[in-house]
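Please read the structure below before turning to the comments.
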Ligand SMILES: [Zn+2]
């Protein structure tokens, strides 16, 4: 049995007031949390003046994207071996930052499934991964270059079946346009209600959750009406502004829709709007979402462009969320227990409590007071093994 002693404990829900928090681990699982000396026979690891948190959960990454200004171009010229090597490096960088669980919401050729298997066998190589494979999109639609283009209900059903047979964890659908793809506009729809209903019906038939890339306010509404389990980005943009309809948010809360906000850029928390009125309006909408009572994850969308490197981006997202006016403990929940809930793993990760996986992050300083402390990694454990 391993006993980790720390100075402060955030258990994934709240800071736990203890003088000498000690977490006992055995067999890759958390056995107990106590205040005081460990039981005789336990191997004590004193983490010094640190805060111990659950390993972080990043609900939205793209290991295949290289965080350059032209992710699409560099992907196009990379063969599968090159891309796989890049994804392995990204997975390692992600774990280095204390992210012990990550959901890859768009790869090419299902390469994420290979990395998922590798990190499952060897926890020091990267986080536990949930993988969507190539996102389902319309012809020429956002992220078409990942290979998931479909047209019509029959093709959608076949695409879902194919993903289920390959063993994906979640189905990702590009409901609206996005910024990354030339010719694609975030406020425009890519699928109609019949197609969206078909993808949900087919995914649920295979027991798979469906999450939708939705920037447009109309897209969020359409995906919620179709029964999507999750919404990515959720910026509520329209052709001429931003409209986060309170009635729609109430519907999402009632339906249990899980929202993943993608926030934070390295070197710039990005929560203030930076003088750009549209950006400020998006942030006002995100603030409303964060306070709406809907389960919310704060995620990085790591890899999708400059300022979004794998690993450290997520901590900047927490800072951005705090900049939006969200209390630090709530922002930390959005990368631990809340993100685990969004990923469907609430009973296994994202909390420091008996029975949970021994995925842990120790940082210097106190992120419940100063979120930037999240970047000062002191130790990372995954499945009970110290990996950093
Ligand atoms: Zn993305």
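Just to be sure I follow: if Rg is taken over the C-alpha atoms of the range 56-342 and Rh is the Kirkwood radius over the same atoms, what is Rg/Rh?
Details: Rg = 17.2 Å, Rh = 18.4 Å.
Dividing the radius of gyration by the Kirkwood radius yields 0.93.
Measure nothing fancy, just the Cα-based angle from helix 217-226's long axis to the longest principal axis of the chain, in degrees from 0 to 90, nearest 10.
Roughly 80 degrees between the two axes.
What do you get for the angle between helix 111-121 and the principal long axis of the chain? Use alpha-carbon atoms, 0 to 90 degrees, nearest ten.
Once rounded, the angle reads 20 degrees.
What is the spin-label model distance, in nm, from residue 385 to residue 49 if the labels are put 7 Å beyond Cα along the C-beta direction?
3.2 nm
Using only Cα atoms, find the angle between the long axis of helix 80-96 and the longest principal axis of the chain, and express it within 0 to 90 degrees, rounded to the nearest 10.
The angle comes out near 40 degrees.
Summing -39500 (n - 2.57) over the DSSP H runs of n ≥ 4 in the chain and dividing by its residue number, what mean residue ellipticity at 222 nm do you reach, to the nearest 500 deg cm²/dmol?
Only helices count here, giving -9000 deg cm²/dmol.
Taking the Cα-to-Cβ direction at residue 89 and at residue 280 and moving 7 Å from each Cα, how far apart do the two end points lie in nm?
4.0 nm
Give the relative contact order (percent, whole number) for the range 56-342; include only Cα pairs under 8 Å separated by 6+ residues. All intermediate terms of the calculation are to be shown ahead of the outcome.
Details: 681 pairs, mean separation 55.8, N = 287.
Reported as a whole number, the value is 19 percent.
To the nearest 0.05, how large is the calculated FRET efficiency for residue 20 and residue 120 if R₀ is 35 Å and r is the Cβ-Cβ distance? Write out the running numbers ahead of the final one.
Values: r = 34 Å, r/R0 = 0.97.
Using R0 = 35 Å, I get an efficiency of 0.55.
How long is the range 254-388 along each principal axis, judged by its Cα atoms, biggest number first, in Å?
46, 36, 28
With a point put 7 Å past each Cα toward its Cβ, work out how far residue 70 is from residue 251 in nm, to one decimal.
4.2 nm
Looking at the chain only, what percent of DSSP beta bridges run antiparallel? Nearest 5 please. Provide the component values of the computation, followed by the final result.
Working: 27 of 61 bridges.
So the antiparallel bridges amount to about 45 percent of the total.
Taking the alpha-carbon set of the range 193-257, what are its Rg and Dmax in Å?
Answer for the range 193-257, Rg first and Dmax second: 11.8, 39 Å.
How much length, in nm to one decimal, is gained on full extension between residue 353 and residue 162, taken as 0.36 nm per residue of separation minus their Cα-Cα distance? Before the final figure, lay out each step's value.
Working: separation 191, 0.36 × 191 = 68.76 nm, distance 3.71 nm.
Separation in residues times 0.36 nm, less the Cα-Cα distance, equals 65.0 nm.
State the volume of the convex hull built on the alpha-carbon positions of the range 324-388, expressed per residue in Å³ and rounded to an integer.
Working: hull volume 5.9 nm³, N = 65.
Looking at the range 324-388, the number lands at 90 Å³ per residue.
How long is the gain from residue 206 to residue 185 if the chain were fully straight, where each residue apart is worth 0.36 nm and the alpha carbon distance is subtracted? Don't skip to the answer; put the middle values down first.
Numbers: separation 21, 0.36 × 21 = 7.56 nm, distance 3.12 nm.
Gain on extension, residue 206 to residue 185, equals 4.4 nm.
Enter the Cα centre distance for the pair the range 223-243 and the range 279-338, rounded to the nearest angstrom.
After rounding, the separation between the Cα centres reads 16 Å.
Kindly provide the pair-distance distribution of the range 99-207 built from C-alpha pairs, with 10 Å bins from 0 and whole-percent values in order of increasing distance.
15, 43, 31, 10, 1
Could you work out the relative contact order of the range 246-388? I mean the mean sequence separation of Cα pairs under 8 Å and 6+ apart, divided by the number of residues, in percent. Before the final figure, lay out the partial values.
Working: 249 pairs, mean separation 30.3, N = 143.
Value for the range 246-388: 21 percent.
Beyond 20 Å, what share of the Cα-Cα pairs of the range 180-337 is found? Please give it as a whole percent. Intermediate results must be reported in sequence, preceding the final value.
Values: 6139 of 12403 pairs.
Here the tail beyond 20 Å accounts for 49 percent of pairs.
Return the Rg/Rh ratio of the range 99-151 with Cα-based radii and a Kirkwood Rh.
Numbers: Rg = 12.7 Å, Rh = 11.6 Å.
That ratio is 1.09, to two decimals.
Which FRET efficiency value, to the nearest 0.05, is calculated for residue 194 and residue 288 with the Förster distance at 22 angstrom and r the Cβ-Cβ distance? Let's see the in-between values first.
On the way: r = 30 Å, r/R0 = 1.37.
Rounded to the nearest 0.05, the efficiency is 0.15.
Expressed as a whole percent, how much of the Cα-Cα distance distribution for the range 1-72 exceeds 13 Å?
Working: 1794 of 2556 pairs.
So the portion of pairs separated by more than 13 Å is 70 percent.
Computed from the coordinates by the stated procedures, all read-outs in this text should not be read as laboratory data. These numbers were taken from a predicted model, which means no experiment stands behind them. Reconstructed Cβ throughout: ideal geometry from the backbone, glycine too, with neighbour counts over all protein chains shown.
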